[in-house]
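A.B. asks: The structure that follows is given in the form of structure tokens.
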Amino acid sequence: MKTRRTVFAAFLAAVVAATTAGAAETYTFDKAHSDVGFQIRHLVSKVRGRFTEYDGTILVDKARPEASSVQLTIKAASIDTGNAKRDEDLRSANFFEVEKYPEITFQSTRITPKGGDRYDVTGTLTMHGATKEVTLPVSFLGFAKMGPMDKAGFETSITLNRKDYGIVWNRPLDVGGTILGDDVLVSINVEANKKQPPSPAAGE
């Protein structure tokens, strides 16, 4: 009986050790060193903008990257193109309808390693009341340490058709064509901080 208990205890310890070794670590977006931007054609040039309010969490499994995950929430009203009148229009019913649809969200469902530091991150993107599956081609930029803080870097860009999300406003031009393009290039650059364990309470 003692031998069986010893074997079981050893097995349990091995399972716990394996689970701990592959446990995911939580990283949160460092918004002072990250950005969520976009650009769209306007006539013969491009208008660029960004969202200034967002939160993102990445669960990083270093042993099994395919078991990692990412979640991002963007406040639609934080859109900023450097022009107050244009931003007000973008928040209106012509475009994002931010009072009705206050958030843009992405939740990963699977991660596929593509070789090197490249990964396809597939998930659901919800914007303007529409939810679509998209795949983000993500580049991992590495881990770093700054003082006591562990950091990780990622970047991705993807072209979305705004009409897929019900954002269809446009204006025809006298010479043909429209004032705005349908394709929007979205670029996300992330520097993320590893979540630190809580400090022990005094006296512990």
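A.B. asks: Given contacts defined as C-alpha pairs under 8 Å and at least six residues apart, what's the relative contact order of the chain, whole-number percent?
C.D. replies: 21 percent
A.B. asks: Please list, in chain and number order, the residues 5+ apart from Asn170 or on another chain whose amide H is under 5 Å from its amide H, with Hs placed from the backbone.
C.D. replies: none
A.B. asks: Output wanted: per-residue J couplings in Hz (rounded whole) for the range 141-157, from phi through Karplus 6.51 cos²θ - 1.76 cosθ + 1.60, θ = phi - 60°, x for Gly and Pro.
C.D. replies: 9, x, 9, 8, 10, 10, x, x, 8, 8, 10, 9, x, 8, 8, 7, 8
A.B. asks: At a 10 angstrom cut-off on C-beta neighbours, averaged per residue, how do the peptides 112-125, 180-193 rank from highest to lowest?
C.D. replies: In descending order of packing, they fall as 180-193, 112-125.
A.B. asks: Any idea how far the Cα center of the range 108-138 sits from the one of the range 41-94, in Å?
C.D. replies: Spelled out, the Cα-based centre of one part sits 15 Å from the other.
A.B. asks: Amide H of Thr178 versus every other amide H placed in the peptide plane: which residues, excluding those fewer than 5 positions away on the same chain, fall under 5 Å?
C.D. replies: Leu173
A.B. asks: Sticking with this structure for a sec: Here are several values of Cα Rg over 2.2 N^0.38 Å: [x] 1.33; [y] 0.98; [z] 1.15. Which one was derived from the coordinates shown?
C.D. replies: [x]
A.B. asks: Can you give the calculated 222 nm mean residue ellipticity of the chain, where each DSSP H run of n ≥ 4 adds -39,500 (n - 2.57) and the sum is split over every residue, rounded to the nearest 500 deg cm²/dmol?
C.D. replies: Mean residue ellipticity at 222 nm (helix-derived): -4500 deg cm²/dmol.
A.B. asks: Here's another thing I want to ask about it. Using the Karplus equation 6.51 cos²θ - 1.76 cosθ + 1.60 (θ = phi - 60°), what ³J(HN,Hα) coupling, rounded to whole Hz, does each residue of the range 85-99 give in order, writing x for Gly and Pro?
C.D. replies: For the range 85-99, the Karplus curve yields 5, 5, 5, 4, 5, 5, 7, 7, 5, 5, 10, 7, 6, 5, 5 Hz.
A.B. asks: Something else about it: Residue-wise, which Karplus ³J(HN,Hα) couplings in Hz belong to the range 174-188, taking 6.51 cos²θ - 1.76 cosθ + 1.60, θ = phi - 60°, and x for glycine or proline?
C.D. replies: Per residue, the Karplus-derived 3J(HN,Hα) values read 4, 8, x, x, 9, 6, 10, x, 8, 7, 10, 8, 9, 10, 10 Hz.
Just so you know, all these numbers are worked out from the coordinates, no wet-lab data involved. All of these numbers come straight from a predicted model, not from anything done at the bench. Cβ sites come from the backbone with ideal geometry, for glycine too, and all protein chains shown count toward neighbours.
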